[in-house]
There are 4 protein chains.
Amino acid sequence: MMDENTLKRLKTIEGHLRGVIRMVEEDAYCIDVIRQIQAVEAALNKVSSRILEDHLNSCVITAIQGSDKKERERVLKEITEVFEMSTKV
Amino acid sequence: MMDENTLKRLKTIEGHLRGVIRMVEEDAYCIDVIRQIQAVEAALNKVSSRILEDHLNSCVITAIQGSDKKERERVLKEITEVFEMSTKV
Amino acid sequence: MMDENTLKRLKTIEGHLRGVIRMVEEDAYCIDVIRQIQAVEAALNKVSSRILEDHLNSCVITAIQGSDKKERERVLKEITEVFEMSTKV
Amino acid sequence: MMDENTLKRLKTIEGHLRGVIRMVEEDAYCIDVIRQIQAVEAALNKVSSRILEDHLNSCVITAIQGSDKKERERVLKEITEVFEMSTKV
């Protein structure tokens, strides 16, 4: 399910976050740190969207085309839940 | 597709927003206005989630179980798009 | 404190929201409704930022240059609170 | 300016993010990965709020009580900017 790009992107974000930690250790200007944290969050949002896209095009199609009604409902409920959560973070 | 509740909720939010406009007209305290705007946004997020939920349980199921591959792709792409946008507003 | 522009912008957003309600009444496509709700939210975010900007350049300056330590703390605490809330809506 | 807690919190978040990377490497369920990414973002939002709070109570007070009008304007503009950005990530 998970492709190489997702992994690569997350490792890049980890490097970015380590950079933020270094900024704090070196007592960087507060606003610059906040801006870098916001950049990390924007990058995380993009990764989430890509993962959701892959998920829709694999698991979700399989579940909806399958015969298990419970499974179908579960899979669709999860989409709504992560969408609702995404408006809060 | 759209149920009565969605309409009712949106009308309530419209009333809430009119209240915010009245606050501004009466020169209310800035921070109180910002807080009410944030409350309006939280309510709009909830309505969006409900609309998405209904959409998944109707159009999306129909499209994915249908035989039109293009339509299926279109419907799934839209989900990713509103998810991606939801992280930005 | 509140300028004319804020009021005008909020009234424009109210018109936009009424348009969304009309879309729901006319049973518009779910995803189009969600997109318009997200556009309303983006516009509300902009108004909030403008109100905060005005607030910082008036009340906040007055409070911080004033001699009342309690008032200063209150005003700064509010800024943090609306910032924290803004990451959640 | 930056306190020990900020550093500690960011290091905890780095550990959390490494956990997410491990989940992807082990091909965890997409939705679980998205949820963990959202948890990382919520934690980052909290750190940002704490940094802003410290910033308001130090640099911002100093700038506003100082005699440099340009500096005062710069510092207040930055607050509006990170607030505006916070509604987008």
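The values are calculated or read from the model by the stated rules, or taken from the named source; none is laboratory data. Here the structure is a predicted model, which is why all the values come from computation and not from measurement. Here the Cβ is made from the backbone with ideal geometry for all residues, glycine too, and neighbour counts use every protein chain on show. Note: areas computed on protein heavy atoms with side chains; ligands, DNA, RNA excluded. Shrake-Rupley method; radii C 1.70, N 1.55, O 1.52, S 1.80 Å.
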Problem set entry | Accessible surface of the protein assembly as shown [probe 1.4 Å, protein heavy atoms]: carbon and sulfur percent | 49
Exercise. Each residue of the stretch D:31-38 in order: what ³J(HN,Hα) in whole Hz does its phi give by Karplus 6.51 cos²θ - 1.76 cosθ + 1.60, θ = phi - 60°, with x for Gly and Pro?
Worked result: 5, 5, 5, 4, 4, 5, 4, 5
For this session: Starting from a label point 7 Å past Cα on the Cβ side, list the distances from B:THR62 to the same position in the other copies, nm, shortest first.
Result: 2.7, 5.7, 6.3
Seminar exercise, completed: One point scatterer per Cα, no solvent, Debye formula: log10 I(q)/I(0) for the stretch A:4-88 at q = 0.20 Å⁻¹ comes out as -0.93
For this session: List every residue whose amide H lies under 5 Å from the amide H of A:THR87, counting only residues 5 or more places away in sequence or on a different chain, with H placed 1.01 Å from N in the peptide plane.
Result: none
For this session: Can you work out the accessible area per residue across chain B, with the rest of the protein chains kept in place, probe 1.4 Å, in square angstrom?
Result: 45
For this session: Give, as a single signed number, the net charge of other residues whose beta carbon lies under 11 Å from the beta carbon of C:SER86, with Lys and Arg counted +1 and Asp and Glu -1.
Result: -1
Problem set entry | Net charge contributed by nearby residues that have their C-beta within less than 12 Å of C:LYS77 (K/R +1, D/E -1) | -3
Exercise. So, with +1 on the Cβ of K and R and -1 on the Cβ of D and E, and no other charges, what is the size of the charge dipole of the stretch C:4-88 about its Cα centre, to the nearest 20 debye?
Worked result: 240
Seminar exercise, completed: Volume per residue (Å³) of the convex hull spanned by the alpha carbons of the protein assembly as shown is 137
Seminar exercise, completed: With a 30 Å threshold on alpha-carbon distance, the violating pairs from B:LYS11/D:LYS46; D:LYS46/D:LYS77; A:LYS69/B:LYS69; A:LYS46/B:LYS69 are B:LYS11/D:LYS46
Seminar exercise, completed: In the neighbourhood of B:ARG35 defined by beta carbon distances under 14 Å, the net charge of the other residues (Lys, Arg +1; Asp, Glu -1) is -3
Exercise. Mean residue ellipticity at 222 nm from the helices of chain D, using -39,500 (n - 2.57) per DSSP H segment of n ≥ 4 over the full residue count, to the nearest 500 deg cm²/dmol?
Worked result: -27000 deg cm²/dmol
Exercise. Assuming R0 = 35 Å, what is the FRET efficiency of B:THR62 and A:ALA42, from their Cβ-Cβ distance, to the nearest 0.05?
Worked result: 0.55
Problem set entry | Interface size C-D, as summed buried accessible area [1.4 Å probe, Å², nearest 100] | 2200
Exercise. In nm, one decimal, shortest first: how far is the label point of C:GLU25 (7 Å from Cα along Cα to beta carbon) from the matching points in the other copies?
Worked result: 2.1, 5.8, 6.1
Exercise. Once you average over the residues of A:50-63, how many Cβ atoms of partner chains fall within 10 Å of each Cβ?
Worked result: 5
